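Heads up: the structure comes next, in C-alpha cells.
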Amino acid sequence: MLDENMGFAKQILCFLRIYRLCGGLHTQRKKFLTQDFTGFGLPAKLLQAIARLGFAKPTPIQAQTLPLALSGRDILGSAQTGTGKTAAFGIPIIVGLMDNPGSMALVLTPTRELASQVLKAMMEMVPVPGIRGALLIGGETMPRQLRQLDMRPRIIVGTPGRINDHLERRSLRLDSVRYLVLDETDRMLDMGFGVQIERIMKHVPDDRQTMMFSATIPDDIAKLSGKYLRNAERVAVGSTTSPLAKIQQELIHTDDAGKFPHLLDQLTQRQGSVLVFVKTKYGTEKLAKKLVKEGHAADAIHGDLQQNRRTRVIDAFRDQKYRVLVATDIAARGLDIPHIEHVINYDLPQCPEDYIHRIGRTARAGAEGAAINLLTPADAEKWRAIHKLIHGVPAKLPEGYGVAAKGKGKKSRGKKPQGRPSQDKAPQGQVQHGKAPQGKAAQGDAGSGGFDPLKRPSPDRRNKPFGGGGKHVAGARPGGHGARPGHAGKKQGRGRG
C-alpha cells in the first residue's frame, strides 16, 4: 500500500508508474513491442540520457526484458549478439540505483574486453552524478583498481577471477549488491569460472535481483538458473543456437599448405575490416607477421598480451588504423566493432558453439556480413559437429575428408592464388556457400564428432542460501570497500580473467 503521509502528487506519479509497468508486463506476454522507451515509466533524466545516445526504438530483447526487470523479476535471457542486451539489463539497474541510493550492482563477464565495453555502455546511460563505476579485470594493476574502489563505486563490472582476488584481499565487499548480472554465462562456464562464480555468490545477499544472459541456453545452463534465479522469467529473442540470418557463410576446401594463399586471396577479393580466428596464441603472432610481410595492415590479440597492449590493439582496430585483426577465441565474445564485415576461420574452433560466437562478430545490429571457413581434411569431424549443432551450414565434404590429415580431393582447375607452394595438392577451388541457419539446433551431443565436449558443472537446485546474506566481509572498514592487507590472497581455480 502507499504511505498515508505521501503527498497526493507523489501518489499519482507512483500509480502511473505501477500502471505503466503492469501494462508493459501484460503486453510483453502478448509479444507487443513498444514503439519507444517512454512506455516503460523510466525517469525523465534517464530517458534524456538514452535519447542522447541515439536509442529511439527498443530492440526485441529490450522490449521483452525491460518490463519484467523493472518490476523486479529475475531474468533468464538469450538473444543474438549485437541486439542491445547491455541496455536490456543496464537500464533497470540504473533505475534501481537511482531509487535506492545505498544499493550496488555487480556484473560478471567472461572476458576483459566484454567487461570494459559493458561498463562503458552502462556509464554512458547514467543520468545523475554520484553513480560511479569500477572495472575489476585481470591484467591491470591492483593499485589502480584499489583507487577505483576508494571512490565507492555503485556499478562494478569484472571478471570472476579478479573479483575473487579482491574478495580474498578484503578490498571489496558485496553486501550492498541488490542487482546481479551474469553475462555470457555459458562462456564463463566453458572457461572454467564455475567455481569462481560459486565463491562470489557466498558474498552476495540473497535479497537481490539476478539476471542471467547467455547466447545459448542448453539444458545445463537452464538447470544452473534454478540455483541462481528465483521464479525467473524466460526471455528469448530469435533462435538461440543459430547465427544471424544476414551472415553469408562460405566453405573453402584446402589443406594446411593452402590455407595462407587462400587467406591472401580472400583479403584481396574483399573490402572492409576482417577478423581472422586461429587456434593458438603463437599462431596469432605468426600469422599477423606473415600478413604484414605481404603488405596487409594487421595485428594480433590473444590472452598473453598485457591488458594495456590488448586495449591499444582493439582501439586501433576499432578506429580502422589497420584492416585485419588475428585473434584467438578470447575475441569471440565481447568484441563489439560494427565495421567488421568478414570473419575468417583460419582454424575451426575446438567447440562447435564457439563457431556461433565467432561469426557473430560480423553482421552486428542488423548489418550484413560474411563468414569464410578454411576446411582441411583433418577438420571434417569438427565441421560435421558444427552442422549437427546448426542447420543451414554447408556440410557436403569431398571424398577422403576425415580419413587422414592428407586430403585426397581433386586439384583446383582455377587460377592458383599468388604465392601458393607448388607442392600444394589440396582440393582447391571447391567453395560452398550456405545461408545462415534458420531452423532449430539439431538434437544430440554438441560435443560429438571430434570436438571437445563442453565441461560444465552439474549444479544442484537452489536448496540453501548462498551465504553472505548481507554479512560484512571480515576486516572491511566501515562505510568503505574494505581494508587493504599487505598481500593478495592465494589464487584458486581456473580462468583468472
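Could you list all residues from region 167-185 that are among the hydrophobic types (A, V, I, L, M, F, W, C) and in contact with a helix residue (DSSP H, G or I) (Cβ under 9 Å, 6 or more places away or on another chain)?
L167, L172, L174, L180, V181, L182, listed by residue number.
Name the residues in region 38-56 that are touching a residue at least 60 places away in the same chain (Cβ under 8 Å) and not small (G, A, S), would you?
P43, K45, L46, Q48, I50, L53
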Failed criterion for K406 (all others in (1) among the charged types (D, E, K, R); (2) modelled with pLDDT of 90 or more; (3) closer than 14 Å to D255 by Cα hold): (2)
Hits in region 147-175 - residues which are surrounded by fewer than 18 Cβ atoms within 10 Å (Cβ to Cβ) and of a type in the set (A, V, I, L, M): M151
Lone unmet requirement of (1) loosely packed, with under 12 Cβ neighbours inside 10 Å; (2) modelled with pLDDT of 85 or more for L16: (2)
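Within region 227-236, is there a residue that is β-branched (V, I, T) and closer than 21 Å to P349 by Cα?
no
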Residue within region 116-128 that is touching a Lys or Arg at 6+ places or on another chain (Cβ under 6 Å) and within 25 Å of R187 (Cα to Cα) present: no
Residue match in region 31-52 (condition: surrounded by 13 or more Cβ atoms within 10 Å (Cβ to Cβ), part of a helix (DSSP H, G or I), modelled with pLDDT under 90 and not basic (K, R)): no
Spans of helices (runs of 4 or more DSSP H) in region 184-286 with at least 3 residues within 20 Å of the chain's Cα centre (by Cα) and either more than 24 Å from F89 (Cα to Cα) or not assigned by TED's automatic domain parsing to the domain that holds A297 (or both): 185-190, 194-201, 219-228
Residue check for R112: under 28 Å from D315 (Cα atoms) and charged (D, E, K, R): yes
Leading residue by the ranking (nearest to L189 (Cα to Cα)) among those in region 361-393 that are in a loop (DSSP other than H, G, I, E, B) and modelled with pLDDT of 85 or more: R361
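On the basis of being modelled with pLDDT under 95, over 26 Å from K246 (Cβ atoms), part of a loop (DSSP other than H, G, I, E, B) and not assigned by TED's automatic domain parsing to the domain that holds D354, does G82 make the cut? Give the steps one after another, and end with the answer.
Numbers: modelled with pLDDT under 95: yes; over 26 Å from K246 (Cβ atoms): no; part of a loop (DSSP other than H, G, I, E, B): yes; not assigned by TED's automatic domain parsing to the domain that holds D354: yes.
So G82 fails the test.
The values are calculated or read from the model by the stated rules, or taken from the named source; none is laboratory data. This one's a predicted model, so the numbers in the text were calculated from it and none came from an experiment. Glycine also receives a Cβ, built like all others from the backbone with ideal geometry; neighbour counts cover every protein chain displayed.
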